[in-house]
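The values are calculated or read from the model by the stated rules, or taken from the named source; none is laboratory data. Treat the numbers as computed from the prediction; the structure is a model and nothing was measured. When we count neighbours, we look across all protein chains shown, and the Cβ atoms used for this are built from the backbone with ideal geometry, even at glycine.
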Amino acid sequence: MRLNQALVSTAVAGCALSGCGGVLEPRGPVGLAEKLILIDSLAVMLVIVVPVILATIGFAWWFRAGNARAKYLPDWNFSGHLELIIWAVPTLVITFLGGIAWFGSHTLDPYRGLPGSKPVEVEVVSLDWKWLFIYPDERLASVNQLIIPVGTPLHFRLTSSGVMNSFFVPQLGSQIYTMAGMTSQLNLQADTPGNYHGLSAQFSGEGFADMGFEVRAVSSEDYARWIADTRAAAATLDMTAYLELAQPSKNTPAAVFRSVDPGLFEAIVNETAQSVGPP
């Protein structure tokens with residue numbers, strides 16, 4: 001189990017960092033800020049790694065057996081100057097990296113709202129093995145498809161129907177966990193129109209590998225048109241329909257619901273809280 005989870009996590013990280021639309025190709029302010037933290041951290045570490053590699057090569061060359069000028073000091077055991085360098089350099093590195101992590105983590109607090117217009121509210125429920133997105137202001141919902149307006153802040157409230165999961169859109173940034181009976185929050189924004197890949201970054205069972213979703217960032221006009229088209233759909237989402245949807249399934253196709261029962265998200269949170277809470 002642990003080996004499988006490690007392999008999955010490695011694969012997810014590799015995909016997120018590679019050319020498949022990952023954290024190195026951000027399309028929003030949060031993703032850009034996270035990329036900057038990665039680059040800054042890499043630069044600080046390279047300041048140490050590169051000189052160490054060069055020094056290793058230089059020492060090996062200078063103290064080679066054929067160099068008669070290299071001094072052999074078998075009884076040498078202390079140098080105050082050398083000790084100062086050995087301890088001062090790592091201290092500076094840790095200070096710089098700690099500062100980057102400290103300020104970055106506070107600036108990118110997932111609960112902190114983004115500046116701009118009123119955010120679009122989205123309630124997210126991770127299911128086995130699919131994603132449910134509820135738009136409480138529009139009273140609409142979708143499965144495995146998240147439609148968002150470009151340039152508009154997004155405020156997510158997230159929970160899980162059971163197994164702990166992780167919501168992650170690499171190009172927008174900030175993966176965050178979903179847990180049964182609890183809610184977490186996340187603020188994101190897409191600055192460029194396009195289709196972005198969303199995924200689960202937490203192993204959650206047999207259907208985990210295909211637990212992905214599509215994020216479509218569209219113009220305000222196209223977003224309004226999608227809302228109008230969704231309101232013309234046939235399916236509705238009440239608690240009965242939700243319980244049917246929540247049954248484990250693989251490769252669930254994208255779907256929309258023209259109406260959602262008010263308070264469904266809170267009912268899901270409360271129901272799972274009672275099922276996982278103490279007897």
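Restricting attention to segment 195-226 and to residues that are in a helix (DSSP H, G or I), modelled with pLDDT of 95 or more and surrounded by 14 or more Cβ atoms within 10 Å (Cβ to Cβ), the residue that is nearest to the chain's Cα centre (by Cα) turns out to be 223. Hey, could you check segment 80-89 for residues that are free of Cβ contacts under 8 Å to residues at least 24 places away in the same chain and within 20 Å of residue 51 (Cα to Cα) and say which is farthest from the chain's Cα centre (by Cα)? That would be 81. When restricted to residues that are at negative phi and either out of contact with any helix residue (DSSP H, G or I) (no Cβ under 8 Å at 6 or more places or on another chain) or part of a loop (DSSP other than H, G, I, E, B) (or both), segment 142-161 contains 10.
Contact map, segment 47-67: residues that are under 20 Å from residue 90 (Cα atoms) paired with residues that are surrounded by 11 or more Cβ atoms within 10 Å (Cβ to Cβ), Cβ distance under 6 Å, separation 6+ or inter-chain. Pairs shown: 48/93.
Kindly evaluate residue 235 against the criterion of being of a type in the set (Gly, Ala, Ser), in contact with a helix residue (DSSP H, G or I) (Cβ under 8 Å, 6 or more places away or on another chain) and farther than 15 Å from residue 148 by Cα. So residue 235 fits the description; yes.
Residues that are more than 17 Å from residue 121 (Cβ to Cβ) and either among the aliphatic types (A, V, I, L, M) or touching a Phe, Trp or Tyr at 6+ places or on another chain (Cβ under 7 Å) (or both) within segment 220-247 comprise 228, 232, 233, 234, 235, 236, 239, 241, 243, 245, 246, listed in sequence order. Among the residues in segment 262-279, are any among the acidic types (Asp, Glu), surrounded by 12 or more Cβ atoms within 10 Å (Cβ to Cβ) and either in contact with a strand residue (DSSP E or B) (Cβ under 8 Å, 6 or more places away or on another chain) or not in a helix (DSSP H, G or I) (or both)? No.
Of all residues in segment 148-174, those that are within 14 Å of residue 190 (Cα to Cα) have Cβ atoms under 6 Å from Cβ atoms of residues that are assigned to a strand (DSSP E or B) and of a type in the set (Asp, Glu), 6 or more apart or on another chain, in 155/121. Here residue 50 does not fit the description of being surrounded by 11 or more Cβ atoms within 10 Å (Cβ to Cβ), more than 30 Å from residue 247 (Cβ to Cβ) and not assigned by TED's automatic domain parsing to the domain that holds residue 176. With respect to (1) small (Gly, Ala, Ser); (2) touching a Leu at 6+ places or on another chain (Cβ under 9 Å); (3) more than 18 Å from residue 202 (Cα to Cα), the lone exception for residue 160 is condition (3). Looking at (1) under 29 Å from residue 35 (Cβ atoms); (2) of a type in the set (Phe, Trp, Tyr); (3) free of Cβ contacts under 8 Å to residues at least 40 places away in the same chain, can you tell me which one residue 76 breaks? Just one mismatch for residue 76, condition (1). Could you list, in sequence order, all residues of segment 100-137 that are surrounded by fewer than 16 Cβ atoms within 10 Å (Cβ to Cβ) and not in a helix (DSSP H, G or I)? Hits for segment 100-137 are 109, 111, 112, 113, 115, 116, 117, 118, 121, 137. Among the residues here, residue 239 qualifies as more than 23 Å from residue 38 (Cβ to Cβ), modelled with pLDDT under 95 and surrounded by fewer than 15 Cβ atoms within 10 Å (Cβ to Cβ).
Only a single item in (1) within 18 Å of residue 225 (Cα to Cα); (2) outside the structural domain of residue 232 (by TED's automatic domain parsing); (3) of a type outside the set (Gly, Ala, Ser) is not met by residue 136, and it is number (2). State yes or no: is residue 3 outside the structural domain of residue 218 (by TED's automatic domain parsing), modelled with pLDDT of 60 or more and part of a helix (DSSP H, G or I)? It is false that residue 3 is outside the structural domain of residue 218 (by TED's automatic domain parsing), modelled with pLDDT of 60 or more and part of a helix (DSSP H, G or I).
Scanning segment 207-230 for residues that are within 17 Å of residue 254 (Cβ to Cβ) and among the hydrophobic types (A, V, I, L, M, F, W, C) turns up 211, 213, 215, 217, 218, 226, 227.
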